[in-house]
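Heads up, the thing below is written out as structure tokens.
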Amino acid sequence: MKDFSAEALLPQFPILERRINGRRMVYLDNAATTQAPLAVVDSITGAYTSTRANVHRGVHTLSQEATAAMEATRERVRGFIGAASTSEIIFTRGTTESINLVASSYGELLEAGDEIIVTVMEHHSDIVPWQILCTRRGTVLKVVPMRPDGSLDLGVYRSLFTPRTRLVAVAHVSNVLGTVNPVAEMAEIAHANGALILVDGAQAIAHMKVDVAALGADFYVFSSHKMYGPTGVGVLYGRRELLELMPPYQGGGEMIGHVSFGGTTWAELPYKFEAGTPDYIGLAAFRTAIDWLDSLGIEAVAEHEHRLLEYATGRMTEIPGIRIFGTAPGKAAVISFLIGDAHHYDTGVLLDHLGIEVRTGHHCAQPLMETLGIEGTVRASFAAYNTRADVDDFIAALQRVAPMLQ
Ligand code: PLP
């Protein structure tokens, strides 16, 4: 494993030098969006100052360079997640659009009474598109419950399958609980029952090695902005045979073979699913982000984040009245908590006064909140550039605000 020093990364993130309310900022909202290193920012600036030109349609040099930069990202993503072919890498605006694409397009192949399984801990973006599909086509949604520690009960999961089950949609890592779901095993069970599996990798892709073939994922989706890359771009990986069967998601430029009023044909994969001008500058910079993350070694990042998680969790027990939600073994570096009965929003505001940037609310997981019997939590989530000093400042801030809230 590579040597790793979070402190050594800090000069690459000028934003982390910011002060908030006169205090050193501690950024612990990485599950929502990670910061981008200078290399990524430079890639965006470089594109605006040297190669900005629309992709695909041009014969001129700038257009060809822009196209090559975007396609190089497709190959980089393919290798990064172990996909067989670049035809299986569809560029989207992010995880949410990737799931909507599958629900909308694969959904066209489903019939009334067909069943889709999700889990109680899904993000709204892995619930609502399926609910829309159920309304549109009469499909049925089933929900896997969880145990008190935030792990899924695979016994119940198995029992939900029927001959009508077509697809399972599950988060690789919960954005609230940090639970790492056993998606390889869940994929095996889905396949043994003749169903497909879509894995929402939004919270996994920057924190662990992902190999879509080893996982057995039929679809795998993620967003660049949660992996040190630009906002507004993301990926849908889909197995080629499935993508071939699926109808287009949106119509427009680039997704066609030939257009005539007598009938229109579709482009080859992956372009069949990429109507219109993509964010080709963001996509080119996305490659820089993947290079950057890869250069650190994802295993080294995972180990570092795990150490922070253990240190922070241990120290949080010093705070009277603290309740942590999600304690499954091997969980990822996400800590959702409440202090006594204090409202999560009040805790978040007070922490912000002390320069600590955490997320508060239902985290787009209202069904999970309902299961937990709460309205929301405060969430601290870690990334490669967080340090032990960040945790110490976070704990010191909690020690200051906790007595004010109880
Ligand atoms: N799925 C999970 C597990 C997430 O954590 C998020 C974002 O927080 C999403 C989906 C949605 O990602 P995006 O807003 O980038 O589409």
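For the chain, averaging the sequence separation of C-alpha pairs within contact (under 8 Å, six or more residues apart) and dividing by the residue count gives a relative contact order of 24 percent.
Protection proxy ranking of 3-11, 96-104, by the mean of other Cβ atoms within 10 Å over each peptide's residues and highest first, is 96-104, 3-11. Of SER381, SER63, SER224, the residue with the greatest mean-square motion in the GNM of the chain, using alpha carbon springs below 10 Å, is SER63.
For the range 27-116, which whole-number percentage of the solvent-accessible area (1.4 Å probe, protein heavy atoms only) is attributable to carbon and sulfur atoms?
Details: 1860 of 3550 Å².
Carbon and sulfur: 52 percent of the exposed surface of the range 27-116.
Using a Gaussian network model of the chain in which every pair of alpha carbons under 10 angstrom is joined by a spring, one finds that among ARG307, ARG388, ARG57 the greatest mean-square fluctuation is at ARG57.
In the Gaussian network model of the chain, springs joining C-alpha atoms below 10 Å, which of HIS353, HIS306, HIS60 carries the largest mean-square fluctuation? So, out of HIS353, HIS306, HIS60, the one fluctuating most is HIS60.
Which value, in debye to the nearest 20, gives the size of the charge dipole of the range 220-310 about its Cα centre, when Lys and Arg are +1 and Asp and Glu are -1 at the Cβ?
260 debye
How would you classify the range 14-70 from its alpha-carbon gyration tensor, with a ≥ b ≥ c the square roots of the eigenvalues: rounded for a/c under 1.5, else prolate if a/b is greater than b/c, otherwise oblate? Taking the square roots of the gyration eigenvalues as a ≥ b ≥ c, the range 14-70 is prolate.
Considering only protein heavy atoms, what per residue accessible area in square angstrom results for the chain with a 1.4 angstrom probe?
Working: 16400 Å² over 406 residues.
Computed with neighbouring chains in place, this is 40 Å² per residue.
So if I take the centroid of the Cα atoms in the range 267-318 and the same for the range 358-376, what is the distance between those two points in Å? One Cα centre to the other: 24 Å. In deg cm²/dmol, rounded to 500, what helix-only [θ] at 222 nm does the chain give when every DSSP H run of at least 4 residues adds -39500 (n - 2.57) and the total is split over its residues? Helices in the chain give a 222 nm mean residue ellipticity of -11500 deg cm²/dmol.
Spatial offset of the range 57-83 relative to the range 339-353 amounts to 45 Å, using the alpha carbon center of each.
Ordering ALA103, LEU38, ALA68 by the projection of their Cα atoms onto the charge dipole of the range 38-114, which places +1 on the Cβ of Lys and Arg and -1 on the Cβ of Asp and Glu, puts LEU38 at the extreme positive end.
The values are calculated or read from the model by the stated rules, or taken from the named source; none is laboratory data. Worth saying up front: this structure is predicted, and the values here are computed from it rather than measured. Neighbour counts run over all protein chains shown; Cβ positions are idealised from the backbone, glycine included. Ligands, DNA and RNA are excluded from the accessible area calculation, which covers all protein heavy atoms including side chains. Shrake-Rupley method; radii C 1.70, N 1.55, O 1.52, S 1.80 Å.
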